[in-house]
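For reference, the structure discussed in these notes is given below.
Read-outs throughout are calculated quantities, based only on the coordinates presented, and are distinct from any laboratory measurement. Since this is a predicted model, take the numbers as computed values, not measurements. In this analysis, Cβ positions are derived from the backbone assuming ideal geometry, glycine residues included, and neighbour counts consider all displayed protein chains.
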Protein chains: 2
Amino acid sequence: MRKVILYIAMSVDGYIADNNGGVNWLNQNEEYIDSYSSFINHIDTVIMGWNTYHQIVTELSPTTWIYSNLISYIITHKNITSTEQIIFYNENPCNLVKHLLTQNGKNIWICGGANIVQQLMKQNLIDVYYISIIPTILGNGIRLFESINHCINLHLLKTQNNNGVIELIYEKK
Amino acid sequence: MRKVILYIAMSVDGYIADNNGGVNWLNQNEEYIDSYSSFINHIDTVIMGWNTYHQIVTELSPTTWIYSNLISYIITHKNITSTEQIIFYNENPCNLVKHLLTQNGKNIWICGGANIVQQLMKQNLIDVYYISIIPTILGNGIRLFESINHCINLHLLKTQNNNGVIELIYEKK
């Protein structure tokens, strides 16, 4: 059965971006990239929010869509025409995930941001938490984990140390 | 030279206690205790806030002081008479740490809570971050890391997996 996987990097103090949404501090840690290729082999769908999408197409790769081998869902209330590859989705991401889970396919990658992660966690829809911890205390910024009203017990599947970036892979119990 | 060590457990989402200050969810993970004996051998001083102290003497061990082999500093504005072993200190914990660092001794354990950790981090006084991550998303509570105005780059010294509780040991660069 396909799984819903949060694959994301955060600082030791739990931030995924600085106060302006910037992620340049992540790029100081290129070793983080190492695990990506083995992860992405088992993924055929990526879900992200508008800010994450906008950052990719304006800063990271303005000319080509970097996830061209995946079906990409961008959660947004903006009225933008979808393509076959990039689908702009203006409903609750939980509904999207529940729908995708009724279809066959590889795993589904939750790419961020924090708001989408929080919505999915509230409905306990994330099966695997794949968190890379960057060896930095960022001090402030956008937190990965905002408050939810219930506890989620996890089982640690694996850890990996990529040159100081520690990857923690948990599945929900 | 003696070092200032934050040795503490937090949930995957960064909480050290629930909203009422409760830490019962920690006790479900007894393996966490395993690393304590090797850690404590290099410690002769512990610093904690009033809430942490109060919780220990009311809930954990009402009859005997559990850190009897350490000099314990309790940061509080309450006017309580100190003993040789338990010293109630009503100034800024940064001043205490700076004073202790001028004296010979073993390492200094920062035991919590979050407010004391934050004050010391603001002055970059913590040398080693020894964080045990409990395999639970607590959902809400008291965060270990509150906002500070600067970034602290860390070097990952060691990790250890104690039956699902992963210990991350960093030193500041």
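The rotation axis bringing chain B onto chain A passes closest to the chain B residue reported with its distance as B:Gly14, 2, by C-beta distance in whole Å. Taking amide H atoms as placed 1.01 Å from N in the peptide plane, the amide H of B:Ile87 lies under 5 Å from those of B:Ser72, B:Tyr73, B:Ile74, each 5 or more residues away in sequence or on another chain. Amide H contacts under 5 Å for A:Ala9: A:Ser132, restricted to partners 5 or more places along the chain or on a different chain, H placed in the peptide plane at 1.01 Å from N. Residues B:Lys106, B:Lys78 in ascending order of nearby Cβ atoms (within 10 Å, fewest first): B:Lys78, B:Lys106.
A Gaussian network model of chain A, with springs between Cα atoms under 10 Å, assigns the largest mean-square fluctuation among A:Pro135, A:Pro93, A:Pro62 to A:Pro62.
For A:Leu101 and A:Val57, what is the calculated FRET efficiency with R₀ set at 30 Å and r taken between the beta-carbons, to the nearest 0.05? Kindly include the intermediate steps, with their values, before the conclusion.
Details: r = 27 Å, r/R0 = 0.91.
Approximately 0.65, to the nearest 0.05.
Lys-Lys pairs in chain B that are eight or more residues apart or on separate chains and whose Cα atoms lie under 20 Å of each other come to 15. Distances between copies at B:Asn90, taken between label points 7 Å from Cα along the C-beta direction, are 6.2 nm in increasing order.
How shielded is B:162-168 by partner chains, expressed as the average number of their Cβ atoms within 10 Å of its Cβ atoms?
Values: counts 1, 1, 5, 1, 6, 0, 7.
Partner-chain Cβ atoms within 10 Å, mean over residues of B:162-168: 3.
What are the distances, in nm and sorted shortest first, from the label point of B:Lys78 to the label points of the same position in each other copy, with each label point placed 7 Å from Cα along the Cα-to-Cβ direction? Copy-to-copy label distances at B:Lys78, shortest first: 5.5 nm. The calculated P(r) of the range B:91-173, using every Cα pair and 5 Å bins from 0, goes 3, 12, 19, 23, 22, 13, 5, 2, 0 in percent.
Using a 10 Å cut-off around each Cβ of peptide B:13-20, what is the average number of partner chain Cβ atoms that fall inside? Working shown, then result.
Working: counts 11, 8, 3, 0, 0, 1, 1, 0.
That works out to 3 on average.
Label positions at A:His155 and A:Asn90, each projected 7 Å from the Cα along the C-beta direction, are separated by 4.2 nm. Positive contributions from Lys and Arg (+1) and negative ones from Asp and Glu (-1), summed over other residues with Cβ under 13 Å from the Cβ of A:Leu100, come out at +1.
For the range A:1-139, the convex hull drawn through the C-alpha positions has a volume of 120 cubic angstrom per residue. Placing unit charges on the Cβ atoms of the charged side chains and taking the dipole of the range B:29-166 about its Cα centre, the candidate lying farthest along the positive direction among B:Leu144, B:Asn162, B:Thr63 is B:Leu144. With label points set 7 Å from Cα along Cα→Cβ, the inter-copy distances at A:Ile66 are 4.5 nm, sorted shortest first.
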